[in-house]
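Colleague: Pasting in a structure now, in structure tokens, and then I'll have a few things to ask.
A short reminder: the numbers here are calculations on the coordinates, not readings from a lab. A quick note: this is a predicted structure, and the numbers were derived from the prediction, not measured. A quick note on method: Cβ atoms are made from the backbone with ideal geometry, for glycine too, and the neighbour counts reach across all protein chains shown.
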Amino acid sequence: MNLLDLIRSPHTYFEALKRLPPSSWRLVWLPILAGLLSGLSGALLSRSILDSQALLMYSSSGLRLPSSLLWSLTILLSGAASFISWLVLWGMGQLGAGKTARSGEVYGASFLAPLLWSVVLTILVLLFPPQVTVSAPDISGLQGAALRDVIQKYTLAVQTQYGQSPVVRFSTFMGYAVYLLQFWLAYIGFRTMVPEDRRLAWRGVLYPAMLFLVLGAAALLVAGAVVGMAGGLF
């Protein structure tokens, strides 16, 4: 069974997978590796953001965090998040498509898409790194509303310039495309595993997709609330 067949001919890959004895943990290494590489590419992509926040933290509190620590945390958190995402996909996919659909293996294989994209993104970022030229403000002696306003303006300027980078815009678009590709591969996998009922394949994809949409919307609301609370602390 050649994993690259998943790109060349997904049906062929899942037919070969179907002939193997069921083992939900067979491809657990794939989402973990995809998450770690995604964390690496994400850290490279957002290096200017991480550096600016570290500089701002040092200016405001005198606390200097090594860049290697920030990078390591980003990569490890991404790997953990990818593994947890696979567990959720496995559970929701099995809930929708049934145990015979082998959702753990199907969704495990689908992580080949973000893995390959992470490799491509790493290369792109090394060739065309986003540039942020906003100078860090002098916040010594500032307190209360004045400090909050300066930090907010600086953060907004950094994020605006960062978001205008072509590679950042392209990576955002491709990120959504990769998610769609991942669910498309999962659908083909479910259709192969349970060919007798197309509805099972659809449920195996739609159940986790709807859950992630709800969680994503909730995360945006929480992030907005946290930003508002953080702003009120200064």
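Colleague: Under Stokes-Einstein, with the Kirkwood radius over Cα pairs standing in for Rh, what whole-number D in µm²/s applies to the stretch 68-202 at 10 °C and 1.306 mPa s?
Modeller: My calculation gives 87 µm²/s for D.
Colleague: Per residue Cα convex hull volume for the stretch 154-214, in cubic angstrom?
Modeller: In the stretch 154-214, the Cα hull volume divided by residue count equals 77 Å³.
Colleague: Pop a pseudo-label 7 angstrom from the Cα along the beta-carbon direction at both Q164 and T133 and give the gap in nm to one decimal.
Modeller: 1.0
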